[in-house]
There are 2 protein chains.
Amino acid sequence: MKIRELIEKNRSYRRFYQDAEVSQEGLRELVDLARLSSTGGNLQSLKYVLSQTPEKNAQIFKTLKWAGYLKDWDGPEEGEKPSAYVIVLHDQTISKGFFWDHGIAVQSILLGAVEKGLGGCQFNSVDRVALAQALALPDHFEILTVIALGKPKEVVVIEELGESGDIKYWRDQQGIHHVPKRALDDLILK
Amino acid sequence: MKIRELIEKNRSYRRFYQDAEVSQEGLRELVDLARLSSTGGNLQSLKYVLSQTPEKNAQIFKTLKWAGYLKDWDGPEEGEKPSAYVIVLHDQTISKGFFWDHGIAVQSILLGAVEKGLGGCQFNSVDRVALAQALALPDHFEILTVIALGKPKEVVVIEELGESGDIKYWRDQQGIHHVPKRALDDLILK
C-alpha cells in the first residue's frame, strides 16, 4: 500500500468488532515500528504498556473520554469496544523531555495497525491518575497518550471544510462519521 | 513498500546530493500527507512554509544547528546541503495548543519523502527568532520544527545499544552514521 493510501485509511475509529482479537505479538510488532522511528536526540525515553485481555481492556476503557464533539454519545457499547490498547509513557529516569516523540511513535503504530487491517484512536482525555493506579505504574512514568485498537466497525470519511469553518467532526443518521479537513492551500503560507 | 521497510529507511539524513532538486509540487504532496493525518480535536492548527530555492534554503540553513553529538562536525558542506525544507508552524489564531500534532505531521511527511527516494532530518535546534525574521513571519505563528529534505548522500545504520547504554549516534571512519537503538523488550513494561 502506498503511504498516501495508508494515511487516508488511518482515520480515528471509535467502534470496533470487539471479538476480533489482536495478538500480543501483533502489538509488539506495532511497538517495534515506534522503536525504529526517530526520537529527539535519539534519547528513546518512551515506554509502552500493552493490553489485549478483556480484564485489562476494561480497566483502561473506564479511564477514557470518547469523542468530545459527539455530545449525545458516551463511547462504544459492549461488543463494539476496542480489542487492544497501547499506552505510551514517558520514562522520566531517561530524560526530562521527549520533544514530539509521542506523535511520531503514535503515527508509526497507527499506520502499522492500518496495514494489518486494524484501526485505532488516540486519546488525550484520559483519567491519568486512575489509569496509573489501575496499572500500578511506578511514579517515574508519565502517561502521554492511550491508543485504542481493533478491527473498525464504522465508516469514516474526510470532507472539505464548509464555509462556516467549523472543524467539528459529526456522525450522520446512517452512522457514518464525517471529518472536515482544511484545504491544502489554506495550510501553506504564501 | 511495507510500512516497516519505509520506517527502517526513514533515518535522519544530514548529507545530501544538493543538486538533486525537490519540486514545489513534491513538497505540496508531502504536506498533503500531513493534512490528511490525525490532529488533536481535529483542530488542524499547523501551517507550513515550503522552500526549495537556493536563496531561501540558504536563509533557513543559517538558523540550524546540526547533529549535537558529532562534536567535530558543523553540518553539511556546500554541495551536500538539503535541497528543500518544510517548516512546521503552529497558528495561534486557531488554537492555544496543538497536542502532539507536529510529531504526527513530521512522521507523515518524512515517510512520504522516503517513498519518493528522499530523506530528511528534523530540527529542534533552530534559531527561531532569526528564522521568523528571515521569513517575515507574522507574530501569531510559532515555529515548531524544521524538516530538511533532499536525496540522501550518506548511509545510516541502526545497531543494538551497547552495554554502556550510550544512545549517542556516531560516525565511523568510512562516514557511516551509526544509531544505537534500545531493544524492544526494554521498551515494553512487563
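Laid out as a table, the results:
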read-out: Residues (within 10 Å of A:Leu64 (Cβ to Cβ) and acidic (Asp, Glu)) located in the range A:117-150; value: A:Asp127
read-out: Residues of the range B:81-111 that turn out to be farther than 21 Å from A:Thr145 by Cα and either free of Cβ contacts under 8 Å to residues at least 24 places away in the same chain or out of contact with any helix residue (DSSP H, G or I) (no Cβ under 8 Å at 6 or more places or on another chain) (or both), as a count; value: 6
read-out: First in the range A:26-42 and at positive phi, second anywhere and β-branched (Val, Ile, Thr) and open to solvent by less than 10 Å² (accessible area, probe 1.4 Å), Cβ under 6 Å, 6 or more apart; value: none
read-out: Residue in the range B:107-127 that is among the acidic types (Asp, Glu) and more than 9 Å from every other protein chain (Cβ to nearest Cβ) present; value: yes
read-out: Of all residues in the range A:138-157 being surrounded by fewer than 19 Cβ atoms within 10 Å (Cβ to Cβ), more than 16 Å from A:Gly120 (Cα to Cα) and touching a residue at least 24 places away in the same chain (Cβ under 8 Å), the one that is nearest to the other protein chains (Cβ to nearest Cβ); value: A:Phe141
read-out: Identity of the residue in the range A:4-20, open to solvent by 20 Å² or more (accessible area, probe 1.4 Å) and among the aromatic types (Phe, Trp, Tyr), that ends up farthest from the chain's Cα centre (by Cα); value: A:Tyr17
read-out: Count of the range A:69-86 residues which are within 14 Å of another protein chain (Cβ to nearest Cβ) and either surrounded by 24 or more Cβ atoms within 10 Å (Cβ to Cβ) or of a type in the set (Phe, Trp, Tyr) (or both); value: 4
read-out: Residue selected from the range B:21-42 under the condition aliphatic (A, V, I, L, M) and more than 7 Å from chain A (Cβ to nearest Cβ), by the criterion farthest from the chain's Cα centre (by Cα); value: B:Val22
read-out: Members of the range A:43-62 that are part of a helix (DSSP H, G or I), crowded, with 17+ Cβ neighbours inside 10 Å and within 14 Å of chain B (Cβ to nearest Cβ); value: A:Ile60
read-out: Hits in the range A:87-137 - residues which are among the hydroxyl-bearing types (Ser, Thr, Tyr) and surrounded by fewer than 20 Cβ atoms within 10 Å (Cβ to Cβ); value: A:Thr93, A:Ser95, A:Ser125
read-out: Residue check, A:Val179 more than 12 Å from chain B (Cβ to nearest Cβ) and either within 19 Å of the chain's Cα centre (by Cα) or among the polar types (S, T, N, Q) (or both); value: no
read-out: Pair list, Cβ < 6 Å and 6+ apart or interchain, from the range B:159-180 residues that are within 21 Å of A:Arg35 (Cβ to Cβ) and among the aromatic types (Phe, Trp, Tyr) to residues that are assigned to a loop (DSSP other than H, G, I, E, B) and open to solvent by 40 Å² or more (accessible area, probe 1.4 Å); value: B:Tyr169/B:Tyr69
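The values are calculated or read from the model by the stated rules, or taken from the named source; none is laboratory data. Remember, it's a predicted structure, so these values are computed and weren't measured experimentally. No Cβ is skipped: glycine too gets one built from the backbone with ideal geometry, and neighbour counts run over all protein chains shown. What goes into the accessible areas is simple: the full protein's heavy atoms, side chains included, and nothing from ligands, DNA or RNA. Shrake-Rupley method; radii C 1.70, N 1.55, O 1.52, S 1.80 Å.
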